[in-house]
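Input: a single structure, listed below in structure tokens.
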Amino acid sequence: MNIAERLKEIQTKLPDNIKLIAISKTKTKEDILEAYNTGHIDFGENRVAELQDKYNSLSKNIHWHFIGHLQSKKVKTIAPFVSLIHAVDSFKLLEIINKEAKKNNRTIDCLLQFHIARETSKYGLSLPQANDFLNSEEFINLKNVRIVGVMGMATFTNDEKIVRAEFKSLKKIFTTLKENYFEDKSYFREISMGMSNDFLIAIEEGSTMVRIGSKIFGRRN
Ligand SMILES: *Cc1c(COP(=O)(O)O)cnc(C)c1O
């Protein structure tokens, strides 16, 4: 199967209300075009320079998702065009995104990344850390960012029980935040969880956005 066929096959497995982000990191512009030509417009990247390069040379209709750990000093590069930043893991980063969004006269949608996996190497907030700033005056004053939900990555393991429990914990964090801070905010509704190997479990556990790379584009080097 080629990229277009694999993409379509995954689409048929996804319920209508679940958004597929095609993760094109390390893949060529030709690969992205093949997916884009099927009508797919949501793509995700995890390196700023690579994203900028692809943004410059591909269709401006594409919605670009930034899914990696974002360094503060690089926010300004993607602020003019990024569609959704999936992995906000500190309040400091959120403040910088707000500043750069303001310079560009726009509001940038963001997800808060939570650390749900067993690996300590994965980034992400804890619920107490998020509570600390969501309660603050400083947060309420950020007018150019909008928190539209949460994101998380499960442990890299074949043990389905572990993965499922971690996705459940992210869903629970989402529900807690919704009740405490975003009850009346209809835009707070996204749970970005699920990758090539675990997206079906993620969907069962309440995902609204899956980030799928290798299952569409083939293995990365
Ligand atoms: C690479 C990556 C993905 C996609 O991974 P696959 O296993 O290739 O589907 C999803 N989310 C994040 C944060 C990634 O870095």
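Throughout, read-outs are computed from the coordinates displayed, never taken from laboratory work. These numbers come from a predicted model, not from an experiment. Cβ atoms come from the backbone with ideal geometry, glycine included; neighbour counts cover every protein chain shown.
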Take every Cα pair under 8 Å in the chain that's 6+ residues apart, average their separations, divide by the length, and report that relative contact order as a whole percent. 20 percent
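In the structure displayed, which of K54/K102; K102/K215; K102/K172; K103/K185; K13/K172; K29/K172 lie more than 30 Å apart, Cα to Cα?
Values: K54/K102 24 Å; K102/K215 37 Å; K102/K172 32 Å; K103/K185 25 Å; K13/K172 25 Å; K29/K172 38 Å.
The pairs that break the limit, which is 30 Å between Cα atoms, are K102/K215; K102/K172; K29/K172.
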Quote to one decimal, in nm, the extra length available between S126 and T176 on full extension: 0.36 nm per residue of separation minus the C-alpha distance between them. 16.7 nm
Ranking T28, T120, T38 by Cβ neighbours within 10 Å, fewest first, what do you get? T120, T28, T38
Summing -39500 (n - 2.57) over every DSSP H run of at least 4 in the chain, dividing by its residue total and rounding to the nearest 500, the 222 nm mean residue ellipticity is -11500 deg cm²/dmol
A correct Karplus calculation of ³J(HN,Hα) over segment 159-168, with 6.51 cos²θ - 1.76 cosθ + 1.60, θ = phi - 60°, whole Hz and x for Gly and Pro, returns 6, 4, 4, 5, 4, 4, 5, 5, 5, 4
For a footprinting-style exposure proxy, rank I173, I140 by other Cβ within 10 Å, fewest first. I140, I173
To make sure I understand, if each residue's beta carbon is the centre and we count other beta carbons within 10 Å, what order do D184, D159, D42 fall in, fewest to most? D184, D159, D42
For segment 50-151: relative contact order, % (alpha-carbon pairs under 8 angstrom, 6 or more apart): 26 percent
Quick one: Cα convex hull volume of the chain, Å³ per residue? 126 Å³
